[in-house]
1. For the chain, what does -39500 (n - 2.57) per DSSP helix run (n ≥ 4), summed and divided by total residues, give at 222 nm, in deg cm²/dmol to the nearest 500?
2. For residue 290 and residue 215, calculate 0.36 nm times their separation in residues minus their Cα-Cα distance, and state this gained length in nm to one decimal.
3. Calculated FRET efficiency, residue 351 and residue 328, Cβ-Cβ r, R0 22 Å, to nearest 0.05?
4. Please report the relative contact order for the range 245-354, taking Cα pairs under 8 Å with a sequence separation of at least 6, and give it as a percent rounded to a whole number.
5. Ranked by Cβ crowding within 10 angstrom, fewest neighbours first, how are 230, 292 ordered?
6. Quick check on the exposure proxy: order 62, 55, 211 from fewest to most C-beta atoms within 10 angstrom.
7. Hey, can you rank 6-16, 82-92, 306-316, 39-49 by average C-beta count inside 10 Å, highest first?
8. Label-point separation (nm) for residue 281 and residue 8, each offset 7 Å from Cα along Cα-to-Cβ?
Amino acid sequence: MTDSQRMHLINHEDLKTFVASILIANGTAPADAAIVSNCLVSADLRGVDTHGSNRIPSYMARIRAGNLNPRATPILQSKTPVAAQIDGHNGFGFVAAHAGMAKAIEMAEIYGIGMVSVKHSNHFGMSAWVVQQALEKGMMSLVFTNSSPALPVWGGKEKLMGVSPIACGAPGGSRGRPFILDMAPSIAARGKIYKALRRGEKIPVEWALDRDGFRTDDPAKALEGVMLPMGGPKGSALAIMMDVFSGVFSGAAFAGQVVGPYDPSKPSDVGHFLVAIKPDLFMSMEEFRERMDYLYERVVESEKMEGVERIYFPGEIEIITEEKRRVEGIPFAEAEIASLNQEADLVGVEHLKM
Ligand SMILES: NC(=O)c1ccc[n+]([C@@H]2O[C@H](COP(=O)([O-])OP(=O)(O)OC[C@H]3O[C@@H](n4cnc5c(N)ncnc54)[C@H](O)[C@@H]3O)[C@@H](O)[C@H]2O)c1
């Protein structure tokens, strides 16, 4: 193992303070910096390392290039009692989506459902934090976003659709866990390839093709090529679905025109589609929770196939990881800490301690 691959455990509160300090020094309002750092550290805590604090250098590059406005305020317009639209004005996707889900929850508390469409936004990282925002208010949710081209449509070979995650959630009962699905329609999220590149690791050959259409275990070559959709035409259709609801419907970029978070040369114009639903619309909350507990138990206690030690509910692995990382700290490679500290040097804030 090289020095740059050596791992260090970082306390999540120290990390949050550090990330917020970089954001504020780059012009983000303290309240917005708190939202962004919470979302990024939430991904780190849940083990979604690909979409956590390591994204800071790429987001800051966008600010420096003038293609992400850290001071933008999302503007909200109500359309019907249950539908609203947000223009993110090219600010942080985290801030626009947070405002969107807050409004969706507010409408759902009164009318049972609330739906918010977001345009002119940016990458919002791990979708599960938006699902968690809804869960904290006891709400079910749908969280869709589109993203920059990375995936061919089924039968195609050019990058066209985004590896756009589909996420949704529902509160659990007293015995089980909440349901949190958050998945990219590719075999693996592209962030996992960036992570392997940062850490000097190889990737499984099933994940991507190089620029000549050959399978590769080299993350750099995979990034020049295309990600492979999960389940063939079905993964491709899910990516198109994210573009219909988040891109076409919202007024944001779509059909391959969203600019990626690692390309600071142009605004991204990402779109999101966020829905909050009251779980006790059709029965009491007590009955809903009891039914969720029953479902949870049926799933995790299901008879296991050979070689499987434990069956998990969607989102459960990440919840267990978070419980562990809150106590033990979040593992970061030395090279990742060095790259975050370079950002700190650029704006004169204190280093992240190893
Ligand atoms: N904002 C963007 O543009 C963007 C783009 C791509 C991905 N992402 C994010 O990347 C992250 C990673 O996506 P991914 O598709 O690689 O996720 P993943 O494959 O790690 O997990 C997908 C889902 O499967 C569940 N799961 C995984 N292993 C399981 C098991 N053994 N048993 C039961 N359930 C299991 C997880 O809980 C999760 O809900 C997500 O948070 C996603 O939002 C964001």
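We did not get these values from a lab; they are worked out from the coordinates using the rules stated. Here the structure is a predicted model, which is why all the values come from computation and not from measurement. Please note: Cβ atoms are built from the backbone with ideal geometry, for glycine as well, and neighbour counts cover all protein chains shown.
1. Working: 11 runs with 137 residues, N = 354.
So the calculated ellipticity at 222 nm is -12000 deg cm²/dmol.
2. Length difference between fully extended and current span is 22.4 nm.
3. Working: r = 21 Å, r/R0 = 0.98.
In this case the efficiency is close to 0.55.
4. Working: 58 pairs, mean separation 13.8, N = 110.
Answer for the range 245-354 is 13 percent.
5. Values: 230 19, 292 22.
Fewest-to-most ranking of 230, 292: 230, 292.
6. 211, 55, 62
7. Per-residue mean Cβ counts within 10 Å order the peptides as 39-49, 82-92, 6-16, 306-316.
8. Here the modelled spin labels are 4.8 nm apart.
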